[in-house]
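Take a look at the structure below.
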Amino acid sequence: MAMDMLDKPYVLIVDDIEDNALLLEFILGSDNYVIKCATSVAEAVEIMGEGLPDIILTDITMPDIDGFEFMSMLKNNNRTKDIPIVVISGLDSNDDKQKAFELGAVSFLGKPYDRFEIQNSIGINVKLRRMQQELEEYNKKLNITIEQQFKRIELEQKHILFALANVAEMEIDAKDNRLETLAHNARVLAQSLSFLPKYEDYISEDYLETIEVAALLHDIGRISSKDCDKDKKFEHAERGAKILEGVYSVCSQNRFLNMAIIIARYHHHDFTDSNPDVCQGEDIPLSARIMRVIDDYNSFSNNMEKGDSDDCSKVLAYMREHSGIWYDPEILEVFFKIVNQMH
C-alpha cells in the first residue's frame with residue numbers, strides 16, 4: 001500500500017546525520033506517524049518513489065545536494081510541489097530563513113530541537129495538508145458531477161432540436177432531405193476547413209458539434225411552404241430564422257440555437273450579389289457559407305441517378321461554375337478535395 005494512502009500521516013525526515021533523524025523520529029512518535037528517514041536527497045527521492053509523504057522535514061547542510069536544492073526540486077515537480085516542507089537546521093541567519101521560505105518552506109525550526117515546537121508545527125501542517133487533499137478530492141468529485149449534469153443538459157438540448165427537425169421534415173414531406181446526411185457532411189466540411197490557418201483557431205470541437213446539430217434545422221422555414229423558387233427560398237429562410245428565434249426566446253440556454261438561427265437565415269445568400277444591401281461575401285457567417293455548399297450538393301445529388309459517376313461529375317462541374325458567385329471559393333475548393341467523404 002502506498003504510504004500516502006495510510007491512515008496515519010506519513011513523515012519523511014531527510015538529514016545526513018542519522019542521530020538527528022532518530023531524535024526527530026522519537027519526538028514525533030511512531031504511534032502518531034508513519035516515519036521514514038533518509039540520509040541523503042538521493043535516498044529520499046528513492047523512498048518517495050514508493051509513495052508520497054504528507055510532510056517532509058529536511059536539513060539544509062547536506063553533502064552532494066543540500067536542502068535548498070532539494071526544496072527547489074520538490075517545488076518544480078508537479079507530483080511533489082504541494083507537499084509541505086519543514087526546514088530543521090542549525091543555520092539561523094535571516095538570509096537562510098528568507099531563502100527557505102522563498103523556496104516554499106512552511107516552517108523553519110532551529111536546533112537544538114524544541115519538542116513542543118516540532119510536534120505543534122508538524123501536527124498543524126499535516127492537518128492542513130489533509131484538509132487540502134480532502135478539498136481537492138471534493139472538487140474532483142464536484143467537477144465530475146457538474147460535467148455529467150452538463151452532458152445531460154446538452155443531450156436534452158440536442159433532443160429538442162432533433163425533435164423539431166423531425167417535425168419539420170415530416171411537415172414538408174422531405175423524404176429525400178436526408179437531414180442526418182446533411183448534418184454529417186456539414187461537420188466533415190467544417191472539420192476540413194479547420195486545417196486552414198485562417199480557421200484553425202475559430203473552428204473548435206465545440207463548433208463542429210454545434211454545426212452538426214444546427215444543420216438539421218436549416219430548412220425549418222419550409223414548413224407549410226413547399227415552393228422553392230429563389231424568392232420563396234429567402235422567404236422561408238427568414239421564416240425559419242423567426243421560428244427558431246421564437247424557440248430561443250424560451251430556451252436561451254440551448255447553445256445550438258444561435259448557429260441554427262444564423263444558418264436558417266443566411267444559407268441561401270449568394271457569395272456575390274448585385275444588391276449592395278444584401279449580406280454577401282465573408283460577411284455571410286461561416287456556418288451559413290458551409291451550409292450553402294452542403295445543401296446545394298445534397299439537392300443536386302438527389303436529382304441524379306444513384307451511383308452515376310457522370311452525373312456526379314456534372315454536379316461538381318456545375319458547382320464549380322458558380323464558385324465565387326453562389327459559393328465561397330475557398331470553402332468550395334476544400335469541399336472538392338474531400339467530396340469523396342460526403343455521404
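Quick check on the range 1-87: what does the Kirkwood estimate of hydrodynamic radius come out to from the alpha carbon pairs, in Å?
Here the Kirkwood hydrodynamic radius works out to 12.9 Å.
Send over the per residue convex hull volume for the range 1-146, Cα only, as a whole number of Å³.
Per-residue hull volume (Cα only) is 114 Å³.
Per-residue ellipticity at 222 nm for the chain, helices alone: DSSP H runs ≥ 4 residues times -39500 (n - 2.57), over residue total, nearest 500 deg cm²/dmol?
Roughly -18500 deg cm²/dmol at 222 nm, from the helical runs in the chain.
Using a basic spin-label model with each label point 7 Å from the Cα along Cα→Cβ, how many nm lie between Ala42 and Met131?
4.0 nm
Going by alpha carbons, how many degrees (0 to 90, nearest 10) lie between the helix axis of 286-302 and the longest principal axis of the chain?
That helix lies at roughly 50 degrees to the long axis.
Can you pull the one-decimal nm distance between simple spin-label points at Phe336 and Glu282, each 7 Å off the Cα toward Cβ?
With each label point 7 Å from Cα toward Cβ, the separation is 2.1 nm.
Suppose all protein chains stay in the model; what accessible area per residue would a 1.4 Å probe give for the chain, in Å²?
Result: 54 Å² per residue.
What residues from the range 287-301 fall in the zone where the backbone N is under 20 Å from a label point 7 Å along the Cα-to-C-beta line of Asn275?
288-289, 292-293
From the cross-link list Lys36/Lys99; Lys8/Lys141; Lys75/Lys111; Lys8/Lys127; Lys151/Lys337; Lys36/Lys81, which pairs have alpha carbons spaced over 22 Å apart?
Lys36/Lys99; Lys8/Lys141; Lys75/Lys111; Lys151/Lys337
At a 1.4 Å probe, what is the % contribution of carbon and sulfur to the accessible area of the chain?
Taking all protein chains in place, the chain shows 51 percent carbon and sulfur surface.
Taking N as the number of residues in the chain, what is its Cα Rg relative to 2.2 N^0.38 Å?
1.66
Per-residue accessible area for Phe256 at 1.4 Å probe radius, Å² rounded to 10?
Looks like 0 Å² after rounding.
Hey, what's the per residue convex hull volume over the C-alpha atoms of the range 242-343, in cubic angstrom?
125 Å³
The values are calculated or read from the model by the stated rules, or taken from the named source; none is laboratory data. Given the structure is predicted, the values throughout are model-derived calculations rather than measurements. Backbone-built Cβ (ideal geometry, glycine too); neighbour counts: all protein chains shown. Surface accessibility is based on the protein's heavy atoms, side chains included, excluding ligands, DNA and RNA. Shrake-Rupley method; radii C 1.70, N 1.55, O 1.52, S 1.80 Å.
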